Amino acid sequence: MEEQVREDVRQWLEKVVIGLNLCPFAAKPFAERRVRIHVSAATDEEALLNDLQSELERLSDTPVAELETTVIAIPHLLENFDDYNQFLDLVDLWLEQFGWEGELQVASFHPDYQFAETEPDDAGNLTNRSPWPLLHLIREESLEAVLAHFPDVDQIPEHNIARMKALSDEDKQRLFPYLFG
């Protein structure tokens, strides 16, 4: 199962995140194999926090030339989006408690992702819908460097929502088989 989860995430990154240019900064590190996909075996929150800590340490301790970012896939836990969302509060506390604030941050993706004040079937939610619950560990220094040279960074979410709304039903089925298959 681990290899299938890793492949699902890799294909999502390639076809959706990079293929639709949802994150204009993802293509280069992905092509350079500096994106780590870790499949967590955790079946409870404590084990997942231990995995998170290990991956934060690995990312912090590895030169950016070797590892830019890490995606933790969570196939055995947090299937319910509300549970996942509540777990993100623990992640924020974890980052603060262990001094990762200002160095690393965590972005969130989930098969049932729903932005506040949207309907579940709102096309904009697709921007953060992944095949598995994910925690994306990001180096703040790298993010700041890229954002400094990217025009209209504030427009990225609006452009992404417009891309999702423009997808045909066939495109959605092809890109999100775990949602529309």
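The values are calculated or read from the model by the stated rules, or taken from the named source; none is laboratory data. The model shown is predicted, which means the values in this text are computed figures rather than measured ones. Positions of Cβ are backbone-derived with ideal geometry, glycine not excepted, and every protein chain shown enters the neighbour counts.
Tabulated values for the structure
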{"read-out": "In region 137-176, residue surrounded by the most Cβ atoms within 10 Å (Cβ to Cβ) [restricted to those that are under 16 Å from Gly102 (Cβ atoms) and of a type in the set (A, V, I, L, M)]", "value": "Leu137"}
{"read-out": "Single condition Phe180 does not satisfy, out of (1) closer than 18 Å to Gly19 by Cβ; (2) hydrophobic (A, V, I, L, M, F, W, C); (3) within 19 Å of the chain's Cα centre (by Cα)", "value": "(3)"}
{"read-out": "The lone exception for Ile74 - which of (1) surrounded by 18 or more Cβ atoms within 10 Å (Cβ to Cβ); (2) of a type in the set (Val, Ile, Thr); (3) over 28 Å from Phe150 (Cβ atoms); (4) out of contact with any Phe, Trp or Tyr (no Cβ under 9 Å at 6 or more places or on another chain) it fails", "value": "(4)"}
{"read-out": "The listed residue being free of Cβ contacts under 8 Å to residues at least 12 places away in the same chain and in contact with a helix residue (DSSP H, G or I) (Cβ under 8 Å, 6 or more places away or on another chain), out of Glu57, Glu101", "value": "Glu101"}
{"read-out": "Unique match (being modelled with pLDDT of 90 or more, touching a helix residue (DSSP H, G or I) at 6+ places or on another chain (Cβ under 6 Å), more than 26 Å from Arg34 (Cα to Cα) and not β-branched (Val, Ile, Thr)) among Ala123, Ala116, Ala166", "value": "Ala123"}
{"read-out": "Within region 108-181, helices (runs of 4 or more DSSP H) holding 1 or more residues that are touching a Phe, Trp or Tyr at 6+ places or on another chain (Cβ under 6 Å) and of a type in the set (Lys, Arg)", "value": "169-175"}
{"read-out": "Residue in region 107-126 that is surrounded by 16 or more Cβ atoms within 10 Å (Cβ to Cβ) and among the β-branched types (Val, Ile, Thr) present", "value": "no"}
{"read-out": "Test: residue in region 91-104 that is more than 16 Å from the chain's Cα centre (by Cα), modelled with pLDDT under 95 and among the small types (Gly, Ala, Ser)", "value": "yes"}
{"read-out": "Count of residues meeting criterion [hydroxyl-bearing (Ser, Thr, Tyr), under 24 Å from Val64 (Cβ atoms) and over 8 Å from the mean Cα position of the chain (by Cα)] in region 123-141", "value": "0"}
{"read-out": "Flag for Leu59 being within 24 Å of Leu90 (Cβ to Cβ), at pLDDT 95 or above, in contact with a strand residue (DSSP E or B) (Cβ under 8 Å, 6 or more places away or on another chain) and part of a helix (DSSP H, G or I)", "value": "yes"}
{"read-out": "Residues that are over 21 Å from Val64 (Cβ atoms), at pLDDT 95 or above and either outside any helix (DSSP H, G or I) or of a type in the set (A, V, I, L, M) (or both), drawn from region 21-53", "value": "Val39, Ser40, Ala41, Ala42, Thr43, Asp44, Ala47, Leu48, Leu49"}
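Conditions (1) under 30 Å from Arg174 (Cα atoms); (2) in contact (Cβ under 8 Å) with a residue 12 or more places away in the chain; (3) touching a Leu at 6+ places or on another chain (Cβ under 8 Å), marked per residue:
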residue: Leu49; (1), (2), (3): no, yes, yes
residue: Ala65; (1), (2), (3): no, yes, no
residue: His76; (1), (2), (3): yes, yes, no
residue: Phe81; (1), (2), (3): yes, yes, no
residue: Trp94; (1), (2), (3): no, yes, yes
